[in-house]
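Values quoted throughout were computed directly from the atomic coordinates according to the rules given, and no laboratory measurement underlies them. None of these values were measured; they are calculated from a predicted model. FYI the Cβ positions are ideal-geometry reconstructions off the backbone, even for glycines, and counts take in every protein chain you see.
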Amino acid sequence: MTTTGFMTFMQRVANAYQWRHQVNGPYPPGVNPQSAEEAQRMFYTYTGAVFVHYDSDFARVKNWFTDLKTAGL
C-alpha cells in the first residue's frame with residue numbers, strides 16, 4: 001500500500017467509525033476536524049489503544065487491519 005493509499009485508508013476508517021463525532025469538547029482553533037491530518041491522528045490513537053488493550057500483541061492489530069480491508073475500507 002502506498003503512502004497516499006494508507007492515508008486514504010485511514011480516512012475511510014475514521015469515517016466508518018465516526019470518530020470525529022465522538023470527540024468530547026471543541027477542537028482547538030486552527031484544527032480542521034474534517035482534515036486528513038485529523039483522521040490520521042485519530043487512526044493512530046485508536047491503533048495504539050488496540051495495541052495496548054491486547055497486551056502489545058501486534059498480531060491483533062494486523063488482524064484488525066485485515067478485517068478492515070476485508071470489509072472494504
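Summary of computed values
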{"item": "Proxy reagent accessibility, fewest Cβ within 10 Å first, across Phe6, Phe51", "result": "Phe6, Phe51"}
{"item": "0 to 90° range, to nearest 10: angle between helix 58-70 axis and the chain longest Cα axis", "result": "70"}
{"item": "Gaussian network model of the chain, springs between alpha carbon atoms under 10 Å - residue of Ala36, Ala14, Ala59 with greatest fluctuation", "result": "Ala59"}
